[in-house]
Structures are given as structure tokens and as C-alpha cells.
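Trainee: Please find one structure pasted underneath; my questions will follow.
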């Protein structure tokens with residue numbers, strides 16, 4: 001955006017909005033600055049590279065990547081159905097799909113526990129087959145997917161609606177099969193939106209806490225992700241908790257930058 005365009009977008013902006021905008025920015029930035037000032041930089045490398053911290057970080061990265069893959073596999077078809085079709089109850093379905101955005105994560109964890117736990121809706125059948133989902137690494141991935149999936153659906157559905165379906169219609173009239181249209185036309189058109197949604201889903205999965213501890217517990221090396229490790233360290237080693245929190249903040253800033261880059265490209 002050029003300087004002239006920036007000036008044009010601010011024409012008519014009330015002067016009074018600057019103060020609350022600055023206060024809002026300070027409300028977000030000051031706690032981060034306070035945390036950075038609290039970090040013991042001399043011991044920072046040892047705090048973030050301890051065996052338990054490395055194990056928690058690697059587990060978080062692995063499960064978050066797996067959850068992101070699941071979000072893409074499940075979320076792309078969901079976004080396509082919501083954006084390209086019309087059927088009775090579609091509004092209700094969209095609201096249910098987006099429900100994890102507003103639910104407290106612990107509620108999502110309880111819902112998953114009573115669905116896939118040993119005495120849950122499907123858990124008893126799975127237990128008969130020798131499959132125990134709750135309090136396992138699989139449970140971590142499922143909890144992260146539950147809370148992160150709406151981010152991909154929202155981003156991709158918006159991209160699909162913005163792109164429209166005129167190119168898809170032209171490809172269909174030329175005889176292309178629906179799968180070919182999706183692969184050769186739809187997907188390239190919305191790829192920046194898909195990438196942005198996937199990055200946001202990864203970030204949400206990486207920071208997930210409530211659903212994870214409720215459905216998967218906190219077993220070191222199995223379900224104790226970095227947010228859970230930070231929570232436990234807060235009581236026993238505050239310096240380590242602050243250092244690990246800063247690691248998550250750095251990852252979040254990087255992820256937000258990638259997501260904004262994807263949106264700008266789109």
C-alpha cells in the first residue's frame with residue numbers, strides 16, 4: 001500500500017480513537033514486556049534446554065503438526081461444503097462447527113472424554129477392540145484438533161467465498177470432473193487462505209491447554225505438552241516457566257507473521 005493510499009484510508013478518522021487504541025496496544029504489549037524483563041537471561045539457555053523442557057517442546061511440535069494435518073484433511077471438505085452448497089440446517093451446522101471457538105477448552109475436553117473415554121459414548125467399543133484413546137498421545141492430537149479445526153474452516157470458507165465459483169463453473173462446462181476442478185482450479189485459487197488457516201490451526205494447537213489436560217492428562221513424555229509443562233513449572237520453578245513462556249511467545253509471533261504473509265499474498 002502506498003503512502004497516498006494509507007493517507008486515504010485514514011481520512012475522516014476521529015482523533016479520539018487514538019487514545020483508546022494506544023491504551024489497547026499497551027494492554028497487550030506491556031505484559032509481554034514485563035515477562036521479557038522477568039527472564040533470567042543468564043540461565044535462559046539452560047532453562048529452555050532442560051530434558052523435561054525439550055521433551056515437552058518436541059511433543060508439542062509433533063502433536064501440533066499431526067493436529068494441523070488432521071485439520072487440513074477434515075477442514076478442507078467442511079469448508080467446501082459450507083461455501084459451495086446450500087441445504088436445510090446449514091446455518092446450524094456452521095454454528096456447531098465453529099462452537100469450539102467460543103467454548104472453554106476444558107468443556108471441549110470433557111466432551112471428548114465422554115465420547116472417547118473408557119466409559120464414553122464410543123470409548124467402550126474402542127476398549128473392547130483394545131484401543132484406549134484417553135490419556136494418550138492420540139488424545140493430545142484429538143484435543144488439539146478439536147480446538148484448532150474451526151480456525152482452518154473459517155479461513156478457508158472466507159477465501160472460497162471471496163474467490164467465487166466462476167472459474168470452477170467455466171472448468172465444469174469444459175468437461176472437467178469435480179475432482180479435477182477442485183485440484184486444478186479451486187485449490188490454487190484459495191491456497192493462500194488454506195496456508196493461512198493451517199498456520200493459525202498449528203498455532204492454536206501448539207498453545208492448547210484446557211482440553212488437553214482434561215482429556216489427555218499430564219503424563220511426562222506422553223501427554224505433557226509445553227503449555228502443561230509451563231503450568232507445572234509455575235509452582236516449582238517460576239524462572240523456567242517464564243523462559244518457556246517466552247519460547248511460546250516467540251513461536252506465536254512467528255506464526256502470526258506467516259499467517260499475515262499468507263493473507264497479504266491472497
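Bear in mind that the values in this text are calculations on the coordinates, not laboratory data. Predicted, not measured: the structure shown is a model, and the values here were computed from it. Virtual Cβ from ideal backbone geometry, glycine too; neighbours counted across all protein chains shown.
Trainee: If you go through the range 161-178 one residue at a time, do you hit one that is touching a residue at least 24 places away in the same chain (Cβ under 8 Å), assigned to a helix (DSSP H, G or I), crowded, with 23+ Cβ neighbours inside 10 Å and within 22 Å of the chain's Cα centre (by Cα)?
Mentor: no
Trainee: Still on this model: Quick one: which of 126, 131, 96 is more than 25 Å from the chain's Cα centre (by Cα), without any contact (Cβ under 8 Å) to a residue 24 or more places away in the chain and farther than 21 Å from residue 63 by Cα?
Mentor: On the way: 131 fails: farther than 21 Å from residue 63 by Cα; 96 fails: more than 25 Å from the chain's Cα centre (by Cα).
So the residue among 126, 131, 96 that is more than 25 Å from the chain's Cα centre (by Cα), without any contact (Cβ under 8 Å) to a residue 24 or more places away in the chain and farther than 21 Å from residue 63 by Cα is 126.
Trainee: Follow-up. Scanning for something under 17 Å from residue 76 (Cα atoms), assigned to a helix (DSSP H, G or I), without any contact (Cβ under 8 Å) to a residue 60 or more places away in the chain and under 17 Å from the mean Cα position of the chain (by Cα), does the range 141-149 turn up at least one residue?
Mentor: Among the residues of the range 141-149, not one is under 17 Å from residue 76 (Cα atoms), assigned to a helix (DSSP H, G or I), without any contact (Cβ under 8 Å) to a residue 60 or more places away in the chain and under 17 Å from the mean Cα position of the chain (by Cα), which makes the answer no.
Trainee: Moving to a separate point now. When you check residue 222 against the structure, is it in a helix (DSSP H, G or I) and either in contact (Cβ under 8 Å) with a residue 12 or more places away in the chain or closer than 25 Å to residue 35 by Cα (or both), yes or no?
Mentor: Details: in a helix (DSSP H, G or I): no; either in contact (Cβ under 8 Å) with a residue 12 or more places away in the chain or closer than 25 Å to residue 35 by Cα (or both): yes.
For residue 222, the condition - in a helix (DSSP H, G or I) and either in contact (Cβ under 8 Å) with a residue 12 or more places away in the chain or closer than 25 Å to residue 35 by Cα (or both) - is not met.
Trainee: Right, here's the next one. Scan the range 79-101 for residues that are touching a helix residue (DSSP H, G or I) at 6+ places or on another chain (Cβ under 8 Å) and not in a helix (DSSP H, G or I) and jot them down.
Mentor: 98
Trainee: Only one of (1) within 19 Å of residue 108 (Cβ to Cβ); (2) in a helix (DSSP H, G or I); (3) over 17 Å from the mean Cα position of the chain (by Cα) fails for residue 212. Which number is that?
Mentor: Condition (3) is where residue 212 drops out.
So that you can scan it fast, the table gives a plain yes or no per residue for (1) in contact (Cβ under 8 Å) with a residue 40 or more places away in the chain; (2) in contact with a strand residue (DSSP E or B) (Cβ under 7 Å, 6 or more places away or on another chain); (3) part of a helix (DSSP H, G or I); (4) surrounded by fewer than 17 Cβ atoms within 10 Å (Cβ to Cβ):
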residue	(1), (2), (3), (4)
17	no, no, yes, yes
30	no, no, yes, yes
57	yes, no, yes, no
65	yes, no, yes, yes
77	no, no, yes, yes
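Trainee: Out of the range 104-118, which residues are closer than 16 Å to residue 136 by Cα and either outside any helix (DSSP H, G or I) or under 16 Å from the mean Cα position of the chain (by Cα) (or both)?
Mentor: Result: 109, 117, 118.
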